[in-house]
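Engineer: Input: one structure, supplied below.
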Amino acid sequence: MLLFFIVGLIVHLVFFTSIFDIYFTSPLVHGMTPQRTLLPPPAKRLVLFVADGLRADTFFELDEHGLFRAPYLRNIIHTKGSWGVSHTRVPTESRPGHVALIAGFYEDVSAVARGWKENPVEFDSVFNESTYTWSWGSPDILPMFAKGATGDHVFTHCYLAESEDFASEDATKLDTWVFDHVKSFFRSAQKNQTMLQKLNEDKVVFFLHLLGLDTNGHAHRPGSREYKDNVKKVDEGVKEMVTLIEDFYGNDDKTAFIFTSDHGMTDWGSHGAGHPSETLTPLVAWGAGVHHPRENLLLDTVSAEWNLTSLKRLDVNQADVAPLMSALIGISFPLNSVGILPVEYINSSNLFKAESMVTNALQILEQFKVKMVQKKQTTLSFLFSPFSSLSESQQLDIVRRTRSYIHGGNYKEAMDLCRALIDLALQGLAYYHTYDRFFLGISVVMGFTGWILYVILIIVKTNTNVNRDSSGHRRMISLAVSICVVSTTHSSLAAKQGLPLLNQIVSWTILAFSLVVPLLSSTFLFQRLLSIFLSFVPSYLLLSTGYEAFFPVALSCLMFVWIFIEQETLVKQGISFKQKLNCIDFSCSADITQFRQLNLDDTRRAFFLVFFIVTAFFGTGNIASINSFDPASVYCFLTVFNPFVMGALMMWKILIPFILVMCSFETVQISAQISSKSLFLIVLVISDIMSLHFFFLVKDYGSWLDIGTSISHYVIVMSMTIFLMLLSGLGYWLTTKKIAFRRKMKHHDT
């Protein structure tokens, strides 16, 4: 028993850890070639403001006095830049939000194991691709982008972690710290020639992480005065920073500015889930290379609530911000980015927009290619199935056509093709990322199923008198093989590849042994009935086309219920020779001297037999009609038309439910010590009454369906008695007979 529990513990630990291999693996790949636009970019530098925890509605809506809550940025929207809503993904946390904004991909859930404090997998980012990046803000966010950066070109300035105090009366001091240190940085840079040289390079990024709103939201709720006042403080700080930076660079109009948020916040001060208050964040862009405000031509009720219906709203996915920043300053798109460049934000030539979209498409296509190669290397060649919607020839064709459109000045068509290529590449990435998920899932399901069945066998073995049946395994296997054969056969036929020869051989083998396998099992009641069920159900499954495959399972469960009900009625009748079901041996229960005379309850048993026989026949529809024949039923055995073989197979399928009913009736008859011949007399009376009833319902008018149905009902009932006698003989043979193999006796020398 100790060994059993140890094995069980190990099995469940394996099952537990399996979910991490199936669902929680990183989508990132490495080894891509960087892609960037060769045309001169519109901006030399970029400033990114991220107001942590800022909701879109709080930012855009008017306050209780009808005034703008962020007047400076609101003026930017009306006079200088473009605006929209950035749609985040769950989990709406600070780290995944910033990774999406700066690296262009959505953080995989494996990062939760480290509380999003470290990088489980190194990744590329806008900061890493920049010439230099200076950042100020929280120690929870900034270091992770410096850690993954190559070389010494990403600089971080963080306040102490203890400063992030939710109990603080005024968390705006976190934002004030950032603004003050940025001012100090530029003042000191004016006196440092080396720093001035770096700051005047192209492709420079400044990142200001503003955590005050998030801290105030958690502490006081987003509807609080502290939170709303913090929005005004941020707006004032952004205005001050923009003026400072523009003055520093002599108003050269080469600086692009982006203001956004990593996530929103619920009314009760939390975030992490998918409520719109958490997933909708503001996005405002202006400066070099950013499009000026445009008139809105579409009715937008949300914009109307914010008094912004006159200005065009450009919504993006959060990961789209990374390629936007990359295009504006002309750096390589982050290698792991899945963002799609929002070209409507860019104010540049159509050629630059088209080339930037090509760069975006090639960058995502690079990930697809690497992912495909890696998956192909870790998969057996004959099992590997490539993503069919984006073959190598299709890739080359789309790229060639895109270049042709650009050379011809058809920039819109080129960008549309790029978008199509991006969509296909993203689908392919998702395909290869989840490539093994189905097979791993099936393995775990089979493992769970096997373990559960093993435990059930242990329970049965230790708590009942049922002996071990060595043929049972051959039977938790024929059923599993049948399911596999049906699935692979229909998949092969759907792909127009014909019936696999192996499947055909297996199907005929299972069919041939279905009558023999029950005779190899013990003749004790439950073991023999289970053996019959597990022997015939695979054959029925191979001849099924859909939901009907569940019919013999449901019918067998109903038969077991019937057996137990009939057994319990013996108690109420006070029959002294009532036996325990698990002790009944079919081969030893045919002694005619033990049979008793019929009583009124036996009429019920006979009626139930007739009822279940009719149910077995019509349970999945009127299969008596030739019009209901579906050739798909025999596809596991043959696909070439052969009416005699197909007809024989369909007749066997029809017989299987009858056999299950008759074997169950044999059990009821033996457990109640009734003569089957006597019961058939009652069945004869019932069937004759039914025949008389259907005799008066026979029609010689109406449709062919009406006429044929009325005749078939009568013929079926008339044939029932003869049919039941034949089935009774088959049921008796299946339940009582056993094939025994003689073992050669060993002789020992004395």
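Engineer: Here's a check for you: in region 542-573, which residue that is touching a Ser or Thr at 6+ places or on another chain (Cβ under 8 Å) and more than 19 Å from Thr615 (Cβ to Cβ) is surrounded by the fewest Cβ atoms within 10 Å (Cβ to Cβ)?
Structural biologist: Here the residue is Thr545.
Engineer: Working only within region 413-455, note down all residues that are open to solvent by 30 Å² or more (accessible area, probe 1.4 Å) and modelled with pLDDT of 95 or more.
Structural biologist: Once the filter is applied, which keeps residues that are open to solvent by 30 Å² or more (accessible area, probe 1.4 Å) and modelled with pLDDT of 95 or more, region 413-455 yields Glu413, Met415, Asp416, Arg419, Ala420, Asp423, Leu424, Leu426, Gln427.
Engineer: Before we move on, is His291 open to solvent by 10 Å² or more (accessible area, probe 1.4 Å), in contact with an Asp or Glu (Cβ under 9 Å, 6 or more places away or on another chain), closer than 16 Å to His78 by Cα and not β-branched (Val, Ile, Thr)?
Structural biologist: On the way: open to solvent by 10 Å² or more (accessible area, probe 1.4 Å): yes; in contact with an Asp or Glu (Cβ under 9 Å, 6 or more places away or on another chain): yes; closer than 16 Å to His78 by Cα: yes; not β-branched (Val, Ile, Thr): yes.
Answer is yes for this residue.
Engineer: Related question: Is it the case that some residue within region 322-334 is modelled with pLDDT of 95 or more, open to solvent by 60 Å² or more (accessible area, probe 1.4 Å) and on the phi < 0 side of the Ramachandran plot?
Structural biologist: Looking through region 322-334, none of the residues is modelled with pLDDT of 95 or more, open to solvent by 60 Å² or more (accessible area, probe 1.4 Å) and on the phi < 0 side of the Ramachandran plot.
Engineer: In this structure, does Asp140 turn out to be over 24 Å from Gln367 (Cα atoms) and either at pLDDT 95 or above or assigned to a loop (DSSP other than H, G, I, E, B) (or both)?
Structural biologist: Details: over 24 Å from Gln367 (Cα atoms): yes; either at pLDDT 95 or above or assigned to a loop (DSSP other than H, G, I, E, B) (or both): yes.
Yes; evaluated as a whole, the condition is true for this residue.
Engineer: Something else: Sort out which residues of region 360-370 are closer than 19 Å to Ala420 by Cα and either surrounded by fewer than 21 Cβ atoms within 10 Å (Cβ to Cβ) or not aromatic (Phe, Trp, Tyr) (or both), and write them in order of number. It would help to see each step written out before you state the result.
Structural biologist: First, the residues of region 360-370 that are closer than 19 Å to Ala420 by Cα: 360-369.
Selection gives Asn360, Ala361, Leu362, Gln363, Ile364, Leu365, Glu366, Gln367, Lys369.
Engineer: Return the residue satisfying two criteria in turn: it lies in region 248-295 and is β-branched (Val, Ile, Thr) and touching a Ser or Thr at 6+ places or on another chain (Cβ under 7 Å), and of such residues it is nearest to Gly217 (Cα to Cα). I'd like the intermediate steps shown before the answer.
Structural biologist: As a first pass, look at region 248-295 and keep what is β-branched (Val, Ile, Thr): 255, 258, 260, 266, 279, 281, 284, 290.
Keeping just the survivors that are touching a Ser or Thr at 6+ places or on another chain (Cβ under 7 Å) gives 260, 266, 279, 281, 290.
Working: Thr260: 17, Thr266: 9, Thr279: 15, Thr281: 14, Val290: 31 Å.
Restricting to residues being β-branched (Val, Ile, Thr) and touching a Ser or Thr at 6+ places or on another chain (Cβ under 7 Å), the top hit is Thr266.
Engineer: Here's another thing I want to ask about it. Search region 639-672 for residues being of a type in the set (Phe, Trp, Tyr) and farther than 24 Å from Pro518 by Cα, and hand back the single one that is nearest to the chain's Cα centre (by Cα).
Structural biologist: Kept after step one, since they are of a type in the set (Phe, Trp, Tyr), are these residues of region 639-672: 641, 644, 652, 658, 665.
Filter once more, keeping what is farther than 24 Å from Pro518 by Cα: 641, 644.
Details: Phe641: 39, Phe644: 44 Å.
Filtering region 639-672 for residues that are of a type in the set (Phe, Trp, Tyr) and farther than 24 Å from Pro518 by Cα, the one nearest to the chain's Cα centre (by Cα) comes out as Phe641.
Engineer: I'm trying to understand the selection: among the residues of region 576-620, which are farther than 27 Å from Ser522 by Cα and at pLDDT below 75?
Structural biologist: Within region 576-620, Gln597, Leu598, Asn599, Thr620 qualify.
Engineer: Restricting the search to region 328-358, which residues are assigned to a helix (DSSP H, G or I) and in contact with a Phe, Trp or Tyr (Cβ under 8 Å, 6 or more places away or on another chain)? Outline the logic, then answer.
Structural biologist: In the first step, residues of region 328-358 are kept if they are assigned to a helix (DSSP H, G or I); the result is 328-329, 343-345, 350-358.
Listed by number, the residues that qualify are Asn350, Leu351, Lys353, Ala354.
Engineer: In region 282-333, which residues are closer than 22 Å to Ala100 by Cβ and among the aromatic types (Phe, Trp, Tyr)?
Structural biologist: Residues satisfying the conditions are Trp286, Phe333.
Engineer: To continue, here is another question. I'd like to verify a number: residues in region 501-516 that are part of a helix (DSSP H, G or I) and surrounded by 12 or more Cβ atoms within 10 Å (Cβ to Cβ), how many?
Structural biologist: Filtering region 501-516 down to residues part of a helix (DSSP H, G or I) leaves 501-513.
So of that shortlist, the ones also surrounded by 12 or more Cβ atoms within 10 Å (Cβ to Cβ) come out as 503-504, 506-511, 513.
The total comes to 9.
Engineer: Test His181 against the criterion of being open to solvent by 60 Å² or more (accessible area, probe 1.4 Å), at pLDDT 95 or above and either at negative phi or assigned to a loop (DSSP other than H, G, I, E, B) (or both), and give yes or no. First the steps, then the outcome.
Structural biologist: Numbers: open to solvent by 60 Å² or more (accessible area, probe 1.4 Å): yes; at pLDDT 95 or above: yes; either at negative phi or assigned to a loop (DSSP other than H, G, I, E, B) (or both): yes.
Against the criterion (open to solvent by 60 Å² or more (accessible area, probe 1.4 Å), at pLDDT 95 or above and either at negative phi or assigned to a loop (DSSP other than H, G, I, E, B) (or both)), His181 qualifies.
Engineer: Please verify whether Leu525 is touching an Asp or Glu at 6+ places or on another chain (Cβ under 9 Å), modelled with pLDDT of 75 or more and aliphatic (A, V, I, L, M), treating the condition exactly as stated. Steps first, please.
Structural biologist: Working: touching an Asp or Glu at 6+ places or on another chain (Cβ under 9 Å): yes; modelled with pLDDT of 75 or more: yes; aliphatic (A, V, I, L, M): yes.
So Leu525 passes the test.
Engineer: Further question on the same structure: What are the residues in region 199-241 that are of a type in the set (D, E, K, R), outside any helix (DSSP H, G or I) and over 25 Å from Val154 (Cβ atoms), if any?
Structural biologist: The initial filter retains those residues of region 199-241 that are of a type in the set (D, E, K, R), namely 201-203, 214, 221, 225-226, 228-229, 232-233, 235-236, 239-240.
Pick out the ones that are also outside any helix (DSSP H, G or I) and you get 201-203, 221.
Arg221 - this is the single residue of region 199-241 that is of a type in the set (D, E, K, R), outside any helix (DSSP H, G or I) and over 25 Å from Val154 (Cβ atoms).
Engineer: Taking region 60-101 only, how many residues are open to solvent by 10 Å² or more (accessible area, probe 1.4 Å) and in a strand (DSSP E or B)?
Structural biologist: Total meeting the criteria: 3.
Engineer: Scan region 479-500 and report the pairs whose first residue is farther than 13 Å from Thr545 by Cα and of a type in the set (Lys, Arg) and whose second residue is modelled with pLDDT under 80 and surrounded by 11 or more Cβ atoms within 10 Å (Cβ to Cβ), with Cβ atoms within less than 7 Å and a gap of 6+ or a chain change.
Structural biologist: No pair meets every condition.
Engineer: So, one more: Being surrounded by 24 or more Cβ atoms within 10 Å (Cβ to Cβ) and within 25 Å of Gly104 (Cβ to Cβ) is the requirement here; does Pro276 meet it? Break it down stepwise before answering.
Structural biologist: Details: surrounded by 24 or more Cβ atoms within 10 Å (Cβ to Cβ): no; within 25 Å of Gly104 (Cβ to Cβ): yes.
It is false that Pro276 is surrounded by 24 or more Cβ atoms within 10 Å (Cβ to Cβ) and within 25 Å of Gly104 (Cβ to Cβ).
Engineer: List, please: which pairs have Cβ atoms under 7 Å, are six or more places apart or on different chains, and start with a residue in region 634-650 that is under 17 Å from Tyr540 (Cβ atoms) and end with one that is open to solvent by less than 20 Å² (accessible area, probe 1.4 Å) and assigned to a loop (DSSP other than H, G, I, E, B)?
Structural biologist: Taking only residues 6 or more apart or on different chains, the pairs are Val634/Leu543; Leu649/Leu543; Leu649/Phe637.
The values are calculated or read from the model by the stated rules, or taken from the named source; none is laboratory data. Nothing here was measured: the structure is a model prediction, and the numbers come from that model. Every residue, glycine as well, gets a Cβ built from its backbone with ideal geometry; the counts of neighbours run over all protein chains shown. Quick note on the areas: whole protein, heavy atoms, side chains included, nothing else; ligands and nucleic acids left out. Shrake-Rupley method; radii C 1.70, N 1.55, O 1.52, S 1.80 Å.
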